[in-house]
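Worksheet: one structure, shown below.
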Amino acid sequence: MRGKKYVLAVLVAALLCFACAGKAEAASRYTIYVNRKTNLVNVVDSRSGKLVRAMYCSTGKKYSTIRGTYSTVSKMRWHALYGGVYGQYCTRIHGPYLFHSVYYYKTRKNQMAVGEYNKLGSQASAGCVRLAVADAKWIYDNCGIGTKVVIGESRELEEPSQEKLKIDTSRRTGWDPTDPDAANPYHPTIALKKSASVKLDYGSRVTKKSLKELIKVKSPVTSSSDLLDNVKVKGKVNTSKAGKYKIVYTVTDPKTFLTKSLAVEFRVKREPDKEEIPLAQPGEEQASVTVVQ
């Protein structure tokens, strides 16, 4: 009987070790590097050493952020911070030191300290590592408990590919411009132009460019021309066959990475009498298009 209990205990211990090893392996998928001087964060694939994500941050004033190698220990969706303020998407590095968003005066998404957001990329915190919401959320969502964090100045880190975004304080908004919340006023807008028609002539020429010319896009931080370069068009239109065709436009703001989609149903009119159908010119593009960009 004792022998059976012993075997059972060994099996349970082995299973627990296996489970813990699995968690450790999942957590060690990434290594997070923080440079206190350049105020950059790089997330690197622990196995390949390849950069996964680069971020601007604010470390502690006068190098008050801890230095060394640590493993993350816990996560909090909202958490009270020093000074009676709050942070979103908090990941504890060690003791009172966290990765978190720029602070908020209340646990409401329109109560962020705008001036502090504009300090990202420079030392500004009391010791924690502040990030834009999109970056704090990425660490919160993708880096498991036990993820290795290396903080110092010796490792040269890469800057994000996008330009550092600053908020125009005259807008009087308390939103982080990268927060993916649907209520965020920084989301781009997309709509059909008033002059655009969803009716397409039978046999007419339809291209990705002509479909884009039917929409208008706007953003509080990005020009319309830059937004149009970041519009994807997905769907199929065959103007040689009468019917309804769905096209989905998706615009991604290259500065905030916020997206907005618009579904449009285009209608191709019935086939006219044969004598009314214009003859295609040599080398002319087919009157149907499948768009997946």
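The values are calculated or read from the model by the stated rules, or taken from the named source; none is laboratory data. Small disclaimer: the values here were computed from a predicted structure and weren't measured. When we count neighbours, we look across all protein chains shown, and the Cβ atoms used for this are built from the backbone with ideal geometry, even at glycine. Surface accessibility is based on the protein's heavy atoms, side chains included, excluding ligands, DNA and RNA. Shrake-Rupley method; radii C 1.70, N 1.55, O 1.52, S 1.80 Å.
What number of residues in the range 214-229 are open to solvent by 60 Å² or more (accessible area, probe 1.4 Å) and polar (S, T, N, Q)? So the count comes out to 1. When Ile93 is tested against (1) among the aliphatic types (A, V, I, L, M); (2) without any contact (Cβ under 8 Å) to a residue 60 or more places away in the chain; (3) open to solvent by 30 Å² or more (accessible area, probe 1.4 Å), only condition (3) is not met.
Restricting attention to the range 101-131, which residues are outside any strand (DSSP E or B) and in contact with a His (Cβ under 9 Å, 6 or more places away or on another chain)?
Once the filter is applied, which keeps residues that are outside any strand (DSSP E or B) and in contact with a His (Cβ under 9 Å, 6 or more places away or on another chain), the range 101-131 yields only Cys128.
For the range 67-88, which residues satisfy the criterion of being farther than 25 Å from Gln111 by Cβ and open to solvent by less than 30 Å² (accessible area, probe 1.4 Å)?
Pass one, the range 67-88, residues farther than 25 Å from Gln111 by Cβ: 67-73.
Gly68, Thr72 - these are the residues of the range 67-88 that are farther than 25 Å from Gln111 by Cβ and open to solvent by less than 30 Å² (accessible area, probe 1.4 Å).
With respect to the conditions (1) over 27 Å from Ser161 (Cα atoms); (2) out of contact with any Phe, Trp or Tyr (no Cβ under 7 Å at 6 or more places or on another chain); (3) open to solvent by 70 Å² or more (accessible area, probe 1.4 Å), Lys269 falls short on a single one, namely (2). Checking each residue in the range 199-213 for being closer than 18 Å to Lys234 by Cα, open to solvent by 40 Å² or more (accessible area, probe 1.4 Å) and assigned to a loop (DSSP other than H, G, I, E, B) picks out Arg205, Glu213.
Residues are listed down the side, and each one gets a yes or a no for (1) of a type in the set (D, E, K, R); (2) closer than 25 Å to Gly84 by Cβ; (3) out of contact with any Pro (no Cβ under 8 Å at 6 or more places or on another chain):
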site	(1), (2), (3)
Ser101	no, yes, yes
Asn110	no, yes, yes
Asp141	yes, no, yes
Gly144	no, no, yes
Glu163	yes, no, yes
Tyr186	no, no, no
Ser195	no, no, yes
Tyr202	no, no, no
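Within the range 132-153, restricting attention to residues that are of a type in the set (D, E, K, R) and part of a helix (DSSP H, G or I), which residue is most open to solvent (accessible area, probe 1.4 Å)?
Initially, the range 132-153 is screened for residues of a type in the set (D, E, K, R), giving 135, 137, 141, 148, 153.
Still in the list and also part of a helix (DSSP H, G or I): 135, 137, 141.
Working: Asp135: 20, Lys137: 59, Asp141: 87 Å².
Top of the filtered list is Asp141.
Filtering the range 34-55 to residues that are open to solvent by 40 Å² or more (accessible area, probe 1.4 Å), touching a residue at least 24 places away in the same chain (Cβ under 8 Å) and either hydroxyl-bearing (Ser, Thr, Tyr) or outside any strand (DSSP E or B) (or both) leaves Lys37, Thr38, Ser46. Against the conditions (1) of a type in the set (S, T, N, Q); (2) under 24 Å from the mean Cα position of the chain (by Cα); (3) closer than 30 Å to Val268 by Cβ, Ser210 satisfies every one except (2). Tallying residues that are outside any strand (DSSP E or B) and hydrophobic (A, V, I, L, M, F, W, C) within the range 73-100 yields 1. Beta carbons closer than 8 Å, at least 6 apart along the sequence or on distinct chains, pair a first residue in the range 207-220 that is under 19 Å from Pro254 (Cβ atoms) and hydroxyl-bearing (Ser, Thr, Tyr) with a second that is open to solvent by 30 Å² or more (accessible area, probe 1.4 Å) and not in a helix (DSSP H, G or I) for Ser219/Thr189; Ser219/Lys255.
Quick check: anything in the range 174-188 part of a strand (DSSP E or B), modelled with pLDDT of 95 or more and crowded, with 17+ Cβ neighbours inside 10 Å? First the steps, then the outcome.
Step one: list which residues in the range 174-188 are part of a strand (DSSP E or B), which gives none.
No.
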